[in-house]
1. Let me spell it out: the conditions are (1) in the same structural domain as Ala16 (by TED's automatic domain parsing); (2) more than 18 Å from the chain's Cα centre (by Cα); (3) of a type in the set (Phe, Trp, Tyr), and Tyr132 meets all of them except one. Which number is the exception?
2. Among the residues of the range 148-164, which ones are polar (S, T, N, Q) and either under 12 Å from Ala183 (Cβ atoms) or under 21 Å from the mean Cα position of the chain (by Cα) (or both)?
3. Pairs, please: C-beta under 8 Å, at least 6 apart or cross-chain, first residue under 14 Å from Val101 (Cβ atoms) and in the range 29-53, second surrounded by fewer than 16 Cβ atoms within 10 Å (Cβ to Cβ) and aromatic (Phe, Trp, Tyr)?
4. Output the residue which, of all residues in the range 43-55 that are crowded, with 16+ Cβ neighbours inside 10 Å and within 22 Å of Thr8 (Cα to Cα), is farthest from the chain's Cα centre (by Cα).
5. At least 2 residues that are within 26 Å of Pro5 (Cα to Cα) and in contact with a helix residue (DSSP H, G or I) (Cβ under 9 Å, 6 or more places away or on another chain) in each: list the strands (runs of 3 or more DSSP E) lying fully within the range 15-129 that qualify.
6. Gly140 is checked against (1) at positive phi; (2) more than 18 Å from the chain's Cα centre (by Cα) and fails just one. What number does that condition carry?
7. Looking at (1) hydrophobic (A, V, I, L, M, F, W, C); (2) modelled with pLDDT of 90 or more; (3) under 26 Å from Glu78 (Cα atoms), can you tell me which one Ala18 breaks?
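The values are calculated or read from the model by the stated rules, or taken from the named source; none is laboratory data. From a predicted model like this one, the values you see are computed outputs, not experimental measurements. FYI the Cβ positions are ideal-geometry reconstructions off the backbone, even for glycines, and counts take in every protein chain you see.
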Amino acid sequence: MDNNPIFTTIVSGFSAKAEQNGIKLFWNLKTEDYVYGYKIYRAEDIDGPYTLIAKLNRSAMEYLDKDYEVGNANEPSEKAFYYKISAIDKFDNESNKSEAVSVLAKTDSIAPVVLSIEPVNNTKIASRSNIYVRAEDNFGISNITLQYSLDGTEWIDISTQNNGSFLWNTPDMNGTVYVRAIARDLVAMSVMEVL
């Protein structure tokens, strides 16, 4: 029988949680010198087969799994995923895998919503103007692109921001200028709102 302590090591506190941008896995850090890292496994059935999806260093206490498929926005669905973790030593010897933890992942079928653009419609703006866009989404906003058009058909990007606050140095323009915002959520759905 091998006396290598890695074979009796148990990774404790292993849990999984569905979040806006993936499935987050957590565990208690192992402080023993012989623990070199961790291996994370995923399956679509509790009985497996489990596939290695990540190999992490010893200081890791969490992992965000983004590389899975549930469905798409046109065909919303839910899917259970099962995860196990093991500890490894510097020679890649591996402890027994943990008990499986499960999480229910869902597709995003709800597009983001642009709540407002300020200044509001029909407002005269200076050549250097602050424009604010408020948007929300059930999974969270990734970014917002602000665009303008002189004719309402050909759109030019002003900027893309994470926070919805834009400083626009306008070119010399007279007359009506159309402004629109495109909000994108964390799973790449988008919606447009025109001012």
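1. Going through the list (1) in the same structural domain as Ala16 (by TED's automatic domain parsing); (2) more than 18 Å from the chain's Cα centre (by Cα); (3) of a type in the set (Phe, Trp, Tyr), Tyr132 breaks only (1).
2. Thr160, Gln161, Asn162, Asn163, listed by residue number.
3. Arg42/Tyr68
4. Among those residues, the one meeting the criterion is Tyr50.
5. By residue number, 78-88.
6. (2)
7. It is condition (2) that Ala18 fails.
Yes/no per residue for (1) at pLDDT 90 or above; (2) surrounded by 15 or more Cβ atoms within 10 Å (Cβ to Cβ); (3) closer than 18 Å to Ser129 by Cβ:
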site: Gln147; (1), (2), (3): yes, yes, yes
site: Asp151; (1), (2), (3): no, no, no
site: Asn162; (1), (2), (3): no, no, no
site: Phe166; (1), (2), (3): yes, yes, yes
site: Asp172; (1), (2), (3): no, no, yes
site: Arg180; (1), (2), (3): yes, yes, yes
site: Ser190; (1), (2), (3): no, yes, no
